[in-house]
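Following: one structure in C-alpha cells, then a few remarks.
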Amino acid sequence: MIALGGEVLARVPGAAGGPLEISPLRGGLTNRSFLVGTARGRYVVRLGAGADALLAIDRRTEAAAQRVAALLGIAPRVIDADEATGLLITEYQPGRVWSDADYALPGQIDRLGAQLARLHALEAGAPAGLAILDPLATARGYVERITAHAPGERGELARLLEQGALVQQATAAGARSATLVHCDLHGSNLIEGDRLWLIDWEYAALADPLQDVASVLAYYPHAGRHSGRLLGALGLAGVTPRELLAAVWMFQLLVFLWYRARRVAVASTPADFAAERRAHAALVHNGNL
C-alpha cells in the first residue's frame, strides 16, 4: 500500500477511519496521482510536483474551471483543492484513456466536439477572474525561464518568438470571442467511461476557442482529416485553413517550450526528448504560413 500523508487523507471523504485502498495512477508528467477508495466512494488524489511557476500552471484557475465543467457533466467533481500545494481531490471516473486510434474516428471526434461545445457555450458564464490566455505572452515567459538557466539558447528562442508574433496575428484570434477552453486535449486527459470525461485542467483558461482544436491537431495530426467536423461542432466553420494552421503552430510552440522548460528542473526521459523534438520539427516544417 502506498503511504499518503495524514493531512492529505484527512481531506478524502471517508478516509478518517482508514482508506480501503490506495494505489498509484499512471500518467501525468508533472504530478503524482493516487486512487483512494473508502467507504464513501473512490477518489483521485493529485499531488503537485512544485514546478507550477516554471511550467506556467495556475492552480486557482485549474480548480475553478474544473468545478464549472463538472456542473456540466464534462469533468469529474472536485472534492477539495489547495492552490498552494497543488493538491486536488476529485471523484474517480473509471474508464480508459483515449488512444491515437480514437482521434482517427469521426464518431469520437463528434463526441469530443459535443463536450467542447458545451464548455465553450460558457462564454458569458465562466468563473469570474479566470486567467486569460495569451499564447505569445506564455511563450515569452517560458523563454525567460529557459534562458535564465541556458543563456546560450537565447538567440534561437528569440527568433522563435519573433516568428510567433507574426503567426499569432495570422490566427485572427481577436475576431472570435474568448471562451473557457481546456487547452490540453492529449489522449491521457480524455477518459472513455460512462461518458467522455475531460480531466487535468491545469492549462484551462479563457481563450480563443480555436485553441482547443489546435490542441487536438498538434498532438494528433492525423485527426486533421476530421477537423471540419470539430470546427463545425464549435461554431468555427468560418475559420480559414491558414488561421487553423497558425493556431496549431502556436500550440506546437508552447508544447516545445514546455518540454524545454521542464528540463530545467526534471531529468527528461527518452519519451520526453522525443516529444520535444517532434514539436520543434513541426515548428520548422510549418514555419512559412
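If you take the residues in region 185-226 that are acidic (Asp, Glu) and surrounded by fewer than 22 Cβ atoms within 10 Å (Cβ to Cβ), which one is farthest from ASP52 (Cα to Cα)?
Applying the filter and picking the extreme gives ASP194.
At least 1 residues that are touching a residue at least 12 places away in the same chain (Cβ under 8 Å) and closer than 19 Å to ALA275 by Cβ in each: list the helices (runs of 4 or more DSSP H) lying fully within region 154-247 that qualify. Full working, then the answer.
Values: elements: 154-170, 210-219, 227-233.
Passing ranges, in order: 154-170, 210-219.
Within region 43-60, the set of residues being among the β-branched types (Val, Ile, Thr) and either in a strand (DSSP E or B) or under 14 Å from LEU119 (Cβ atoms) (or both) comprises VAL44, VAL45.
Please count how many residues of region 76-103 are closer than 27 Å to ARG176 by Cβ and either over 17 Å from the mean Cα position of the chain (by Cα) or exposed (fewer than 15 other Cβ atoms within 10 Å of the Cβ) (or both). I'd like the intermediate steps shown before the answer.
Taking region 76-103 as the starting set, the residues that turn out to be closer than 27 Å to ARG176 by Cβ are 98, 102-103.
Now narrow it down to the ones that are either over 17 Å from the mean Cα position of the chain (by Cα) or exposed (fewer than 15 other Cβ atoms within 10 Å of the Cβ) (or both): 102.
The total comes to 1.
PHE251 meets all of the listed conditions (1) at pLDDT 95 or above; (2) hydrophobic (A, V, I, L, M, F, W, C); (3) in contact with a strand residue (DSSP E or B) (Cβ under 9 Å, 6 or more places away or on another chain); (4) not in a loop (DSSP other than H, G, I, E, B) but one, namely (3).
One residue alone among PRO13, PRO19 is part of a loop (DSSP other than H, G, I, E, B), surrounded by 15 or more Cβ atoms within 10 Å (Cβ to Cβ) and free of Cβ contacts under 8 Å to residues at least 24 places away in the same chain, and that residue is PRO19.
Just one of the listed residues (LEU116, LEU133, LEU112) is crowded, with 20+ Cβ neighbours inside 10 Å, assigned by TED's automatic domain parsing to the domain that holds TRP258 and at pLDDT below 95, and it is LEU133.
When you check ASP58 against the structure, is it out of contact with any Cys (no Cβ under 9 Å at 6 or more places or on another chain) and closer than 28 Å to LEU122 by Cβ, yes or no? Walk me through it before giving the result.
Working: out of contact with any Cys (no Cβ under 9 Å at 6 or more places or on another chain): yes; closer than 28 Å to LEU122 by Cβ: yes.
So ASP58 passes the test.
Sort out which residues of region 84-135 are assigned to a loop (DSSP other than H, G, I, E, B) and β-branched (Val, Ile, Thr), and write them in order of number. Of everything in region 84-135, just one residue is assigned to a loop (DSSP other than H, G, I, E, B) and β-branched (Val, Ile, Thr), namely THR85.
The values are calculated or read from the model by the stated rules, or taken from the named source; none is laboratory data. This structure is a prediction, so every number in the text was calculated from the model and none was measured. No Cβ is skipped: glycine too gets one built from the backbone with ideal geometry, and neighbour counts run over all protein chains shown.
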